[in-house]
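Okay, so here's the structure we're looking at.
The values are calculated or read from the model by the stated rules, or taken from the named source; none is laboratory data. Note that the structure is a prediction, hence the values are computed from the model and not measured. Here the Cβ positions follow ideal geometry from the backbone for every residue, glycine too, while neighbour counts run over all protein chains shown.
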Amino acid sequence: MKLLVDTSVWSLALRRKDAGSLSPDEQKLRSELTQAIQDGRVAMIGLIRQELLSGIKEQAQFEKVKSALAPFVDEQIDTADHEHAARLYNECRSQGFDVGPVDMLICAVAVRRNWQVLSNDSGLNHCLVVAKKFQENEGKAADKEDQKSRRSFRKTRART
């Protein structure tokens, strides 16, 4: 299963090299990223790449991070991903959670593709839980509609 790695985790690996300065949880995340890279499971989207490269003041550091990310091809994002992100944003907001558009797109992409997300952002992690429940509920509603449609089709066929 692919793993979409959030900016918070990439930053631990690319910007903070001293493992001694990391908390045990941060060390675990960095280790999980390393393993996922070795397994070839890491997924990337352009917005995460952009977040990682934004704000780097030194050109040499920018090029170093850019080079480190080069092996990871951006996954295609489509209109349905953005629309789903908007629905998830509305759902999270209705439950009292306010998460930014990049995090909502991460949730939408991951949920729609059944990917895991590796993040050190508690807001993003909470919205992932909401997004998965929302997706399950949408699936159940679609199943009910499908069942109704099949019953209607069978009744129509039986009459003919």
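Please specify each residue of the stretch 12-25 satisfying the condition of being in contact (Cβ under 8 Å) with a residue 40 or more places away in the chain, exposed (fewer than 15 other Cβ atoms within 10 Å of the Cβ) and part of a helix (DSSP H, G or I). Residue satisfying the conditions is Asp25 alone. Considered as a group, the residues in the stretch 85-116 that are crowded, with 22+ Cβ neighbours inside 10 Å and not hydrophobic (A, V, I, L, M, F, W, C) include one that is nearest to Val9 (Cα to Cα), and that residue is Asp103. Within the stretch 49-69, the presence of at least one residue that is surrounded by 12 or more Cβ atoms within 10 Å (Cβ to Cβ), touching a strand residue (DSSP E or B) at 6+ places or on another chain (Cβ under 9 Å) and over 23 Å from Glu136 (Cβ atoms) is confirmed. Between Asn114, Asn90, the distinction of being on the phi > 0 side of the Ramachandran plot and of a type in the set (S, T, N, Q) belongs to Asn114 only. Scanning the stretch 37-60 for residues that are over 15 Å from the mean Cα position of the chain (by Cα) and touching a residue at least 60 places away in the same chain (Cβ under 8 Å) yields a total of 0.
Per-residue answers, yes or no, for (1) part of a helix (DSSP H, G or I); (2) surrounded by fewer than 15 Cβ atoms within 10 Å (Cβ to Cβ); (3) in contact with an Asp or Glu (Cβ under 9 Å, 6 or more places away or on another chain):
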site: Ser8; (1), (2), (3): yes, no, yes
site: Gln27; (1), (2), (3): yes, yes, no
site: Thr34; (1), (2), (3): yes, yes, no
site: Ile37; (1), (2), (3): yes, no, no
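The condition (being in contact with a Ser or Thr (Cβ under 7 Å, 6 or more places away or on another chain) and not aromatic (Phe, Trp, Tyr)) is satisfied by just one residue among Glu51, Glu63, Glu58, Glu32: Glu51.
Evaluation of Ser119 against the conditions (1) in contact with an Asp or Glu (Cβ under 6 Å, 6 or more places away or on another chain); (2) modelled with pLDDT under 90; (3) under 27 Å from Arg15 (Cβ atoms) shows that the sole unmet condition is (2). Close contacts from the stretch 83-99, counting a first residue that is in contact (Cβ under 8 Å) with a residue 24 or more places away in the chain and within 11 Å of Cys127 (Cα to Cα) and a second that is among the β-branched types (Val, Ile, Thr) and not in a helix (DSSP H, G or I), with Cβ to Cβ under 8 Å and a gap of 6+ residues or different chains, come to Cys92/Val99.
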